[in-house]
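The values are calculated or read from the model by the stated rules, or taken from the named source; none is laboratory data. Small disclaimer: the values here were computed from a predicted structure and weren't measured. Here the Cβ is made from the backbone with ideal geometry for all residues, glycine too, and neighbour counts use every protein chain on show.
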Amino acid sequence: GTRKILIKFNRKFHFIFYMLSYLYMPTITIPIKAISYNRYYMIARGRYIITSTGRTFREEFEEALNEQLENYTPTDKHLKLGIDCYFKDNRRRDVDNMGKAILDCLTHSKKIFLDDSQIFELIIRKHNQETEKIVIEWDEM
């Protein structure tokens, strides 16, 4: 009876608190289309190298990061990170492949965190919308 009600209440309260915590996270918008890891890297002579498309993506990504985070000091604490990728079309895309390329750019830039081993929670979502962009939100745990 009452135990079941308390358990349901605790789960709902925890979920609401969890969702509210995402409302107050620092957020940046990168106004470029996300690319998949398969277009970001290629294998040549047994080694992974960044493709020309990947280099262009990384340069545009880091330029947008530098503009928005010029006075931000990267953290060395554990993080939860949310990545939203917006696309104009309904093509099938693997969410995990998009996340790998974005995480590689974030790690290389060292603007939000120093190393991707600091990420303890990661949520990657894809959306259909008129404007192609990447929205990144994070918070220390």
Region 85-98 residues that are closer than 19 Å to Thr29 by Cβ, paired with ones that are of a type in the set (A, V, I, L, M) and at pLDDT below 85 (beta carbon under 9 Å, 6 or more apart) | Cys85/Val95
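Only one of Met42, Met19, Met25 is of a type outside the set (Asp, Glu) and either exposed (fewer than 10 other Cβ atoms within 10 Å of the Cβ) or at pLDDT below 55 (or both). Can you tell me which?
On the way: Met42 fails: either exposed (fewer than 10 other Cβ atoms within 10 Å of the Cβ) or at pLDDT below 55 (or both); Met25 fails: either exposed (fewer than 10 other Cβ atoms within 10 Å of the Cβ) or at pLDDT below 55 (or both).
From the options Met42, Met19, Met25, the qualifying one is Met19.
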Filter result (of a type in the set (A, V, I, L, M), in contact with a strand residue (DSSP E or B) (Cβ under 7 Å, 6 or more places away or on another chain) and buried (at least 16 other Cβ atoms within 10 Å of the Cβ)) within region 79-105 | Leu79, Leu81, Ile83, Met98, Ile102
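Tell me which residues, restricted to region 36-61, are among the basic types (Lys, Arg) and part of a helix (DSSP H, G or I). Write out each step before concluding.
Taking region 36-61 and keeping what is among the basic types (Lys, Arg), we get 39, 45, 47, 55, 58.
Within region 36-61, Arg39, Arg55, Arg58 qualify.
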Hey, does region 63-77 have a residue that's modelled with pLDDT under 95, more than 17 Å from Pro26 (Cβ to Cβ) and either crowded, with 17+ Cβ neighbours inside 10 Å or in contact with a Phe, Trp or Tyr (Cβ under 8 Å, 6 or more places away or on another chain) (or both)?
-> no
